[in-house]
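Nothing in this text is a laboratory measurement; each read-out follows from the coordinates by a stated rule. What you see is a predicted model, and the numbers here were worked out from it, not measured in a lab. Note: ideal-geometry Cβ built from the backbone for every residue, glycine included; neighbour counts use all protein chains shown.
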Number of protein chains: 2
Amino acid sequence: MKYRVGICQFQPQLMVPDLNRLRLNRFLSGLQADLIVLPELTVSGYVFQNREEVEKVAEDARQGPTAILFRQLAKLNNTSYVLGFVESQSDRIYNSAMLVNPDGQIHIYRKTHLFLEEKNWFTPGDSGLQVFPAKDGVKIGLMICFDWIFPEAARTLALKGAQIIAHPANLVLPWCQKAMLIRSLENRVFTLTANRIGHERNGDRELSFTGMSQITGIQGEIIKRLGNRGEKVFITEIDPEEALDKKVTPRNDILQDRRPELYL
Amino acid sequence: MKYRVGICQFQPQLMVPDLNRLRLNRFLSGLQADLIVLPELTVSGYVFQNREEVEKVAEDARQGPTAILFRQLAKLNNTSYVLGFVESQSDRIYNSAMLVNPDGQIHIYRKTHLFLEEKNWFTPGDSGLQVFPAKDGVKIGLMICFDWIFPEAARTLALKGAQIIAHPANLVLPWCQKAMLIRSLENRVFTLTANRIGHERNGDRELSFTGMSQITGIQGEIIKRLGNRGEKVFITEIDPEEALDKKVTPRNDILQDRRPELYL
């Protein structure tokens, strides 16, 4: 099966979601693929100072302006998208990702493992680690940024049938890109890590993001790794059916060989 | 706390355990450390043709000649050792590792995840993934070779309090050494992978082993990696108490941040 997948390395401007949506609309215009993954908090930026700022950029998962834009883009470009956004639901705010399909369906994942100050304003995700169908029924597992350090996250997605792990990120630590190679290898899944770039300052908080968005194959190989600067979309072709074969040797299926009764 | 740990890269001769024990005795003579890890199946070799061959080199975990030798060495050199051996117990044969302490205590781990033809002669380990005290009470988690590909193995050991994962190996695939960096990082533990070297042929079976035994630190860094040939013991000093600190950021404890209710 031929499946065109992409990673979009993007630099949002903090607290101006309207502008970021305009830029994303232009940036993605005319790019056809089966699946494109964008960074965590793609339309809002990351370095918030307080809960009030987060509330300002929070939006409804299905009726908000980001959902409306990406539903249009998905239909127009016949492409599934995964991107991070600030989700509001009643009085709670989540660091979420949406999978938007060409048929208009939207699936939501809420970040399970919050990083540092995120604990001040986001509610820990209660969606669970979920696998959803993207275009042509390919099974996509969703995780967000810091979820990478917990092997249970990617493992749970693989056990639920993920062929591709879509991984929006705003990475500041130096390790994730290497770790995702092992997430691929130990689960025999593809991973698409879309990381943002740039430096963001807000009052006394500032962070630099590491870029190096990447696509990995089921043997833990780098299919493509971008640099650490420059906004860019990279699209390539993979065969997601490879991820259905869990045999690392003729007699070792890495999921069937598990012995959960011996694990904590 | 200063703790001298070592990895012993060794090439056994297949099916001649007496000779291998003699050579190990000479090889380890006068080397004092707190903990030295040796390869999987250190005294027997690996490439068996059939169950009868395996039975010939199988021995009792506590009364066999390997246990007797290493109990003597442990006392003499005031060193804990971890090494792989073929364990017989009633009519079952296991691919096991023993931790032998200077006080004469021996702890046993039986390989949980069997690789390829090992499934023909070994019983899958029923000891569970265990953590035992080595010299000075440092907590050692034991795993053997192919256990590396299952993140649950190292995770279970970390959750049980392992500060150091002792990992005897007979590696033939190209990935383990990189994966162990991530095992260290995601669990904030030290790992000592002692791999064998050399080429082994037996009838129509033959395998080459990759060497590159290594010691990794709690941030996933390589403290030392040996080459892919040459028998060698490398000893260095680490502080196992570092592994008690599970904070990857001031607000992210990688074990406490887990959300087991959401994992499969």
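Listing for the model above:
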read-out: Straight-distance crosslink candidates among lysines, where the alpha carbon sits under 27 Å from residue A:139 and sequence neighbours closer than 8 are dropped; value: A:2, A:75, A:111, A:160, A:178, A:224, A:232, A:246, A:247
read-out: Across the identical copies, how the residue B:52 labels are spaced - nm, sorted shortest first, 7 Å along Cα→Cβ; value: 8.4
read-out: Relative contact order (%) - the stretch A:74-204, alpha-carbon pairs under 8 angstrom, separation at least six; value: 17
read-out: MRE, 222 nm, helices only [DSSP H, n ≥ 4, -39500 (n - 2.57), over chain B, to nearest 500]; value: -6000 deg cm²/dmol
read-out: C-alpha center-to-center spacing [the stretch B:217-250, the stretch A:94-143] in angstrom; value: 35
read-out: Over 33 Å [Cα-Cα, the protein assembly as shown], rounded percent; value: 43
read-out: Residue B:19/residue B:202 FRET efficiency (R0 22 Å; Cβ-Cβ; nearest 0.05); value: 0.85
read-out: Ranked B:244, B:24, criterion: other C-beta atoms within 10 Å, fewest first; value: B:244, B:24
read-out: Rg in Å to one decimal, and Dmax rounded to a whole Å, for the stretch B:60-167 via C-alpha atoms; value: 13.6, 39
read-out: P(r), alpha carbons of the stretch A:104-248 - 10 Å bins starting at zero, rounded %; value: 12, 41, 35, 11, 1, 0
read-out: Nearest-first distances (nm) between copies at residue B:91, label 7 Å from Cα via Cβ; value: 6.7
read-out: Cα-based convex hull volume of the stretch A:142-181 per residue, rounded to whole Å³; value: 58
read-out: Bridge type composition, the stretch B:162-257 - antiparallel percent by DSSP, nearest 5; value: 70
read-out: Nearest-0.05 FRET efficiency for residue A:31 and residue B:31, computed from C-beta distance (R0 60 Å); value: 0.50
read-out: Chain B - percent relative contact order, Cα under 8 Å, separation 6 or more; value: 20
read-out: Kirkwood Rh, angstrom, the stretch A:3-262 [1 / mean 1/r, Cα pairs]; value: 18.1
read-out: Sorted by Cβ neighbour density within 10 Å, fewest at the top, the residues B:199, A:113, A:167; value: B:199, A:113, A:167
read-out: Label-point gap, in nm, between residue B:261 and residue A:229 - each point 7 angstrom along Cα→Cβ; value: 4.6
read-out: Using a 7 Å Cα-to-Cβ projection, residue B:206 label spacings across copies, nm, ascending; value: 6.1
